[in-house]
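Heads up, the thing below is written out as structure tokens.
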Amino acid sequence: MLAARYLGNRRISVEEMPDPIIGRPDECLVRVMTCGICGTDKRIVSEPMVREDIQGHEVAGQVVAIGEGVAGLSVGDRVVVYNLIGCGQCDYCQRGQITYCRNTQGSVNGGFGEMLVAPERNLLPLPDEISYERGCLLSDVLGTPHKAMRLAGLAAGEAVVVLGCGPIGLGAVRIGVARGARAMAVDMLDYRLEAAAGMGAAAVCNAGREDVAEAAYAWSGAGADLSLDCTGREGAALTALACLRPGGRAMCVGANRRMDLDPWKQIISRDVTLGGSWYLHHEDYYECVELCRPSGLDPLSMVTHTVPLEEIARGFDLFIDQRESCIKVIVSVCAR
Ligand SMILES: [Zn+2]
Ligand SMILES: [Zn+2]
């Protein structure tokens, strides 16, 4: 099969590689149709070393072979790949809350190759009426902000401030609006703010020109009910807190490792809650599928570029250098 190999420092070659094979009875062989390029991929491809494994984790595809122990899937089924491999046994895994499993067994990557092998329990059904292009956005891009907003108890009518209008932030705007909230989107790049308005944001704020907390208060009247940090920037969670009304909630979604917090001033004295949310649970996927049905949310509007697997290096350049007003890039692997 054809697959992308990372040669270090952003160099990628698309090469003929051995087809993966089913090694355990609970596994399936999946033909990859589409795979999104994610912020995580940006970091990995930029590392200096050559990687032997195939990356790519925002996958939609079709089952082409099944192990002898597979009971719930058949050849020909359309699926979305859930990245994290849980133990499959614990209560959390039984409930689809795989990020809580204490015995996770790695992850399913390989979306930048024509085939991958995944355990049956990592393959979530993709309804016929949702294209593969949309399908690959249903896990990370939509499911991740969906889980953050679900855990934060977002209610219809609430005012939400979304910091960062990359794919996850735009997904947050779209899902917040779909759930009946009002959204203000924040970014430093005007073309991303335009995309957020296209996703239904009622207001936008350019953080390079405006004070974000002031803009949030001016827009919401009393401060936001909920804010989401989708930037991954150090300290942005503090801005998320500063946007809140007393009693509001802030969620950290973009990964960063540091902030300088004064708990009394920024949390305790204002009765605000600071939380976090990583990736998605199965229920978030199913709810995003419902939001994505025809006539509903169209996540494809954030996809600015689609490239064939042979041109994946160009897709990464567009994404990393933010050229051509790039927001989200999808790689067409076998969906050509
Ligand atoms: Zn991702
Ligand atoms: Zn488990």
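Values quoted throughout were computed directly from the atomic coordinates according to the rules given, and no laboratory measurement underlies them. This structure is a prediction, so every number in the text was calculated from the model and none was measured. Glycine also receives a Cβ, built like all others from the backbone with ideal geometry; neighbour counts cover every protein chain displayed.
Things to note:
- Full-extension gain in nm, residue 22 to residue 267, via 0.36 nm per residue minus C-alpha separation: 83.2 nm
- Each of 316, 112 has some number of other Cβ atoms within 10 Å of its Cβ, and from fewest to most they run 316, 112.
- Among beta bridges from DSSP that stay inside the chain, the antiparallel ones total about 55%.
- Nearest 10 degrees, 0 to 90: helix 167-178 Cα axis against the chain principal axis: 70
- GluC sites (Glu not before Pro), loop per DSSP, at most 16 other Cβ atoms within 10 Å - longest free stretch of the chain: 235-323
- Estimated 222 nm signal from helices in the chain, with DSSP H stretches of n ≥ 4 weighted -39500 (n - 2.57), rounded to 500: -7000 deg cm²/dmol
- Relative contact order computed over the chain (Cα-Cα under 8 Å; 6+ residues apart), in percent: 18
- Working note: Cα atoms of the stretch 48-158, range along each principal axis, descending, whole Å: 45, 41, 35.
- Taking other C-beta atoms within 10 angstrom as a stand-in for reagent exposure, 220, 131 fall in the order 131, 220, fewest first.
- Residue exposure sequence - 146, 281 - by fewest surrounding Cβ within 10 Å: 281, 146
- Alpha-carbon gyration tensor eigenvalues x 5, square-rooted, for the chain, Å: 34, 22, 18
- Amide N of the stretch 132-172 lying under 18 Å from the label point, which is placed 7 angstrom from the Cα of residue 311 along Cα→Cβ: 133
- Per residue, the average separation of C-alpha pairs within less than 8 Å and at least 6 apart gives the stretch 143-276 a relative contact order of 22 percent.
- Restricting the stretch 193-294 to trypsin sites (Lys or Arg not before Pro) that sit in a DSSP loop and have at most 10 other Cβ atoms within 10 Å of their own Cβ leaves 209, 257, 258.
- Label-to-label distance, residue 322 versus residue 131, with points set 7 angstrom from Cα along the beta-carbon direction: 2.7 nm.
- Here the mean projected area of the convex hull built on the C-alpha positions of the stretch 143-276 is 6.9 nm².
- Spacing of the modelled spin labels on residue 11 and residue 222, each 7 Å from Cα toward Cβ, amounts to 6.0 nm.
- The stretch 90-206 - convex hull of the alpha-carbon atoms, volume per residue in Å³: 149
- A straight chain from residue 65 to residue 301 at 0.36 nm per residue would run longer than the Cα-Cα distance by 81.7 nm.
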